[in-house]
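K.L.:
Mind looking over this structure? Questions follow.
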Amino acid sequence: MILIDLRSDTVTRPTPAMRRAMADAEVGDDVYGEDPTVNRLQERAAELFDKEAALFVPTGSMGNQIAVKLHTRPGMEVVIEERGHIYNYEMAAMSAISGTLARPVKSGDGTGLLSWPDIESALHVGGAYYVAPTGLLALENSHNLAGGICLPRARTVEICERAHALKLPVHLDGARIFNAAVALNETVAALSRPVDSVMFCLSKGLGAPVGSMLLGTRGFIEEARRWRKLLGGGMRQVGVLAAAGLVALAESPPRLHEDHAHARHLAEGIAELPGCSIDPESVQTNIVIFDTSATGLMANEICARLQRDHGVLASGFGNSIRMVTHYDVSRAGIEHALVALRHVTKEM
Ligand code: TLP
C-alpha cells in the first residue's frame with residue numbers, strides 16, 4: 001500500500017540535492033565556532049531575516065525555550081495565544097527551564113490571531129508588586145494549531161510597537177514563517193523585523209532533515225549560544241546538517257505555494273464530506289484542521305481507519321483532525337487522501 005503521510009511537514013526526507021550537499025559539506029567543530037558550513041548558514045539566515053545574528057539549534061523547541069529563558073526571569077509570566085505551540089507542545093519547558101508561567105489568552109475573533117486588546121487585558125506591567133509581572137509576549141506565525149493562519153505584518157508591527165512602549169520583549173515562533181511569508185506575499189524579514197527574537201524551522205515545510213534557527217541581536221545570540229550548550233545542544237561537525245539547511249533555504253521557499261494549493265484543495269474536498277466541517281477559505285498555508293464531531297467517531301478512530309485501510313496518515317486531536325501538506329505529497333496523494341476520507345466517513 002502507498003503511504004500518504006499528512007501527519008506533519010516534519011516527515012519529509014532530504015532531497016537528492018540536500019543529500020549531496022550533506023555528503024560534500026566542509027565541517028569543523030561548531031562548539032569552537034569552527035564549522036564553516038554552520039557559519040555560512042547562520043550568516044545566510046541573519047541576512048534573510050535582516051537580524052544581527054543567528055544560531056543553529058537542533059530543534060524549534062530548543063530555539064523557543066532559549067528565547068523564553070533569555071527574555072525573562074523566574075516568576076514572570078509569558079503571554080501567549082491559548083493554542084500556541086510554546087505553551088501546549090513544549091513539555092511545560094517554560095516552567096521547567098525558565099521558572100515562568102504561561103498566561104494563555106484567547107483571540108477576540110476566535111481565529112487564533114491575537115490583537116493588541118486581547119493581549120493588553122492579560123498584561124501585568126508596572127502593577128501591584130504582588131502580581132507576577134509579564135516578562136514576554138510570544139507570537140506564532142503561521143499559527144499551527146489555529147490551522148496555519150497567518151499574522152499579517154501590520155498586526156505584528158502594531159503589537160510590537162505597543163509591547164515595546166511598555167518595555168515588553170516579543171518573541172516570534174516562526175517555525176513556519178516561510179509559509180506565512182508566501183501566503184501574505186511578504187518577506188520573512190518584513191514579518192519578523194518588529195520582534196526582538198525569532199525562531200524558524202528548517203525541518204518543517206523547508207524540508208531539511210534537522211534543525212532550526214534562532215535570530216536576534218548579536219548580544220542575544222551570544223547568550224543564546226551559552227544556553228544552547230547548557231541544554232546539551234552544542235554540536236560538533238554539524239555542517240553536515242547545516243548543508244541541508246542551506247539547500248532548504250535556497251530551494252524550498254519558491255515551491256511552498258504548491259503545498260498551500262494542495263491544502264486548499266484538500267479542505268475543499270473535506271468540506272463536502274458528511275460529518276466533517278471546515279471553511280476552505282480559512283486555509284491559508286499548508287495546514288488543514290477540520291472538525292469531525294458530527295461523524296460520531298473520535299478523530300483518533302478515523303485516523304486509525306485511514307491508516308489501516310488506506311495508508312493515509314493524519315493526526316487526531318479530540319474532535320479534530322490535522323493534515324499537513326509538504327513536498328513529499330503530490331496532488332495525486334491529496335486525491336488519494338480524499339477518496340480515503342470519503343470511504344471512512346461513508347462507513348459511519
Ligand atoms: N510542531 C510539530 C508538533 O510538535 C506539533 C508539528 O508536527 O507541527 N513551533 C511550532 C509552531 C511548531 O509547530 C513546532 C513543531 C515547534 C515550534 C517545535 O519544533 P521542533 O519539533 O523542532 O522542536
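K.L.:
Using just the alpha carbons, could you tell me how many Å³ per residue the convex hull of the stretch 255-346 encloses?
P.N.:
77
K.L.:
Amide H neighbours of residue 53 under 5 Å, counting only residues 5+ apart in sequence or on other chains, H built in-plane at 1.01 Å?
P.N.:
Excluding prolines and chain starts, which carry no amide H, the hits are 216, 218.
K.L.:
While we're here: Please arrange 160, 201 by how many other C-beta atoms lie within 10 Å of their C-beta, fewest to most.
P.N.:
160, 201
K.L.:
While we're here: Per-residue ellipticity at 222 nm for the chain, helices alone: DSSP H runs ≥ 4 residues times -39500 (n - 2.57), over residue total, nearest 500 deg cm²/dmol?
P.N.:
-12500 deg cm²/dmol
K.L.:
Starting from the 7 Å offset along Cα-to-Cβ, what nm value, one decimal, do you get for the label separation of residue 50 and residue 272?
P.N.:
Spacing of the two 7 Å Cα→Cβ label points: 4.3 nm.
K.L.:
How much length, in nm to one decimal, is gained on full extension between residue 230 and residue 166, taken as 0.36 nm per residue of separation minus their Cα-Cα distance?
P.N.:
Stretched fully, the residue 230-residue 166 segment lengthens by 20.0 nm.
K.L.:
Would you mind computing Rg(Cα) / (2.2 N^0.38 Å) for the chain, counting N as its residues?
P.N.:
Against the compact-globule rule of thumb, the ratio is 1.00.
K.L.:
Another one. Contour minus end-to-end for residue 308 and residue 13, with contour as 0.36 nm per residue of separation and end-to-end as the Cα-Cα distance?
P.N.:
103.9 nm
K.L.:
Sticking to Cα atoms, compute the Rg of the stretch 189-248 to one decimal and its Dmax as the biggest Cα-Cα distance, whole number, in Å.
P.N.:
Here Rg and the maximum Cα pair distance are 12.6, 33 Å.
K.L.:
Now, a different point. Mind sorting 72, 217 by how few other Cβ atoms lie within 10 Å of their own Cβ, fewest first?
P.N.:
217, 72
K.L.:
Next up: Cα centroids of the stretch 27-62 and the stretch 284-317: how far apart, whole angstrom?
P.N.:
37
K.L.:
Another question, then. State the Cα centre-to-centre distance between the stretch 166-215 and the stretch 235-261 in whole Å.
P.N.:
Measuring centre to centre over Cα atoms gives 14 Å.
K.L.:
Next up: Just to be sure I understand the model, the point goes 7 Å from the Cα along the line to the Cβ. What's the resulting residue 39 to residue 109 distance in nm?
P.N.:
4.6
K.L.:
Among 283, 238, 125, which one moves the most in a GNM of the chain with springs linking Cα atoms closer than 10 Å?
P.N.:
Taking springs between Cα atoms under 10 Å, the residue moving most is 125.
K.L.:
Oh, and also: Taking the Cα-to-Cβ direction at residue 82 and at residue 154 and moving 7 Å from each Cα, how far apart do the two end points lie in nm?
P.N.:
Spacing of the two 7 Å Cα→Cβ label points: 2.8 nm.
K.L.:
If a/c stays under 1.5 just call it rounded; otherwise compare a/b with b/c (prolate if a/b is bigger, oblate if not). Do that for the stretch 147-231, with a ≥ b ≥ c from the square roots of the Cα gyration tensor eigenvalues.
P.N.:
Here the stretch 147-231 falls in the oblate category.
K.L.:
Through the Karplus equation 6.51 cos²θ - 1.76 cosθ + 1.60, θ set to phi - 60°, convert the phi angles of the stretch 325-331 into ³J(HN,Hα) values in whole Hz; use x for Gly and Pro.
P.N.:
Computed from phi, the couplings for the stretch 325-331 are 8, 6, 5, 7, 10, 8, 4 Hz.
Just so you know, all these numbers are worked out from the coordinates, no wet-lab data involved. What you see is a predicted model; the values in this text were computed from it and never measured. Counting neighbours? That spans all protein chains shown, and the Cβs are built from the backbone with ideal geometry, glycine included.
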